[in-house]
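The values are calculated or read from the model by the stated rules, or taken from the named source; none is laboratory data. Quick caveat: nothing in here was measured; it's all calculated off a predicted structure. Cβ sites come from the backbone with ideal geometry, for glycine too, and all protein chains shown count toward neighbours. Note: accessible area is taken over every heavy atom of the protein model, side chains too, but ligands, DNA and RNA are not part of it. Shrake-Rupley method; radii C 1.70, N 1.55, O 1.52, S 1.80 Å.
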Amino acid sequence: MSDRVADEDADDPVDEGITDLDGGGVSVPPDGPVATHPEGDGEVHVLGTAHVSHESVAEVEETITERRPDVVAVELDEGRYRQLQGDTPDDLEPGDLLRGNTVFQFLAYWMLSYVQTRLGDRFDIQPGADMMAAVETAEELGLGVALVDRDIQTTVQRFWKRLTLFEKLALVGNLTLAAGSPMAVGVGVGAAFGAVLGLTLSMVAAGALGFAGADFVAALGADPVALVGGAVGGAVAGVVLWTLLEPWLSALFDAVPVPNTTLSRLAAGVVIGSVGGVAVAATGGLAVGPLSVGMDRLASTGGFVLQTGAGVVGGGVVGAAVGVLAGAALATVVPDEEELDELDIEEMTDTDVVSAMMEEFRRFSPGGAEALIDERDAFIAHRLVALREAGYSVVAVVGAGHREGIERYLANPETLPPMESLVGEAESSGVTSYLYKAIGYAITLGFVVFFVLLAIGGASNALLVEIFVAWFVVNAVFAGGMAKLAGARWPSAAVGGGVAWLTSVNPLLAPGWFAGYVELKYQRVSVADISTLNSILDDEEAPLSDIVRRMREVPLFRLILVVAMTNIGSMVASLVVFPVVLTWLSADVGGVGAIGGMLLEGARTGAETVWGAIQ
């Protein structure tokens, strides 16, 4: 292997690596200098390839052997080059992986990688084989090798930032079809969106639609509804029990003939808690010292559970039905396996076909095409122009979609945009980012105003403390519990749970980030994990449970799962569980309606106070 390769990570992204041969810019043949042309008398031949094509591999080898250039330039950055060479990839930096939307950018990169892997399997060739053929042929002939592509993390970040919200949803939806049939994807996505919409309707319009908690109490009676409240309240208590006693439950399960897994221990806690809650409701409530659980609280809780449950189930069913129709429609336009087998991958290097594909992508996402195609055309052309001006003869092996743009810049280098505009992270633009921040600050302000208005409206200090403590405990238990369920270590789960109350009122933060940072102290993740995940997903014979189990053993997937599940736990606690607890706590002051009355009274009193001060 050549031990000196041109790369774009130097401070000067082009010139230093080319002129300073001994400094690591271009690999030097052992029997003589690389440059054979006078200064400024170099030339560049651009060869467009398909990344999963045997014919492209042969064409690359033949072209390099025939032309014998000084340098073979390849469409790779250092990270992808090392990965193709089989070297151990660098560990992913925690700050890069967990900062802002980087997790979503990574997921987009993973899905794109998975699709390329599937295409490679379909055509029986390793993705990137054309680039490796170029590198290996150059090394065999003693030629220089230059890595001329932009860093993949920069490209993905800029690509993701340039997509609109609709384009991101469309991209994820289309890539999801690679992992399942259109019908299955339609049902799953439809049911998920329907459940969320149903939950939202149950929270804001249940009374108008006729399925409020009071309607269930009137129709079924207070005692049966109280049993539901006892079962759900007991299940919540069971989650708390499992969170606190998980190490002891693990030891206990070792002594009994049942699977000793995190899920089975959680299920045991939920079942025990639910049975206990039903028993409390069946016996008319419970009063132990300051702890009092009356039938009115249980009935109020049960009514709210039935109200939200009806919304979720109804929305999920309707969403799944719509998903079936959407899946059936998609199935008529998405190519099946046989049609994919008939695809001629060699056509992917035909100029007319490539141009049509590029234009189709550009119509789908002009901003995405700019980051993924146009900017990289210019970046690579900058490198090739510098090599040519330094006197090298170059064969540049690039994807067929980049050939036309690069050749246009090579013919007119004065039209190249400045290199500074092609590197670095892209900033969010448009109203979406400002709207997101505005909503985050508004929610935070609303949380503070909620407590201020309650205090002004006459709520007792004891009630205010109970509500705040409940907010903290519910978020901590569910965020920390979901993190533990995802496989987090106890310190990670504790940190995620401990900050969940604060992050749940500020969408600009997320408890999963904190849990993820702590988790990275105990495990290392790298780009190689992506290949491992792709190979697991490509196992079409393994049952789904085995695939999920194997994926959870991959450090990168487990880290993302911990981050996601911690955030989901906090969301569930804030949107679903806390309203149940608030219903419970407010029973002694007249229910949730009385809390609303206090808020209105607080707003009226506060407005009068401010108006009086102004006058």
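Please find, within the range 201-211, the residue that is farthest from GLY302 (Cα to Cα) out of those that are touching a residue at least 12 places away in the same chain (Cβ under 8 Å) and open to solvent by 20 Å² or more (accessible area, probe 1.4 Å).
Selected residue: LEU201.
Which one of the conditions (1) surrounded by fewer than 21 Cβ atoms within 10 Å (Cβ to Cβ); (2) assigned to a helix (DSSP H, G or I); (3) modelled with pLDDT under 85 does ALA494 fail to meet, given that it meets all the rest?
ALA494 satisfies every listed condition except (3).
Please tell me if VAL562 is part of a helix (DSSP H, G or I), open to solvent by less than 20 Å² (accessible area, probe 1.4 Å) and either at pLDDT 80 or above or out of contact with any Cys (no Cβ under 6 Å at 6 or more places or on another chain) (or both).
yes
Being out of contact with any Gly (no Cβ under 7 Å at 6 or more places or on another chain) and without any contact (Cβ under 8 Å) to a residue 40 or more places away in the chain is true for just one of LEU556, LEU509, LEU533. Which residue is that?
Only one candidate qualifies: LEU509.
Quick one: would you say ALA331 is over 29 Å from ALA486 (Cβ atoms), hydrophobic (A, V, I, L, M, F, W, C) and either at pLDDT below 80 or open to solvent by less than 40 Å² (accessible area, probe 1.4 Å) (or both)?
Yes; evaluated as a whole, the condition is true for this residue.
Among (1) at pLDDT below 90; (2) outside any loop (DSSP other than H, G, I, E, B); (3) open to solvent by 60 Å² or more (accessible area, probe 1.4 Å); (4) not charged (D, E, K, R), there is one condition THR88 misses while meeting the rest; what is its number?
Among (1) at pLDDT below 90; (2) outside any loop (DSSP other than H, G, I, E, B); (3) open to solvent by 60 Å² or more (accessible area, probe 1.4 Å); (4) not charged (D, E, K, R), the lone unmet condition for THR88 is (2).
Between residues in the range 587-615 that are under 23 Å from MET203 (Cβ atoms) and residues that are polar (S, T, N, Q) and open to solvent by less than 90 Å² (accessible area, probe 1.4 Å), which pairs lie under 6 Å by C-beta distance while being six or more apart or on different chains?
Taking only residues 6 or more apart or on different chains, the pairs are ALA587/SER300; VAL592/THR583; VAL592/SER586; ILE595/SER586.
Of these, GLY284, GLY234, which one is over 26 Å from VAL322 (Cβ atoms), open to solvent by less than 70 Å² (accessible area, probe 1.4 Å), in contact with a Gly (Cβ under 6 Å, 6 or more places away or on another chain) and of a type outside the set (Ser, Thr, Tyr)?
GLY234
What number goes with the only condition from (1) of a type in the set (Phe, Trp, Tyr); (2) crowded, with 22+ Cβ neighbours inside 10 Å; (3) modelled with pLDDT of 80 or more that TRP242 does not pass?
The one condition TRP242 does not meet is (3).
In this structure, does TYR517 turn out to be modelled with pLDDT of 80 or more, touching a Lys or Arg at 6+ places or on another chain (Cβ under 7 Å) and not in a strand (DSSP E or B)?
no
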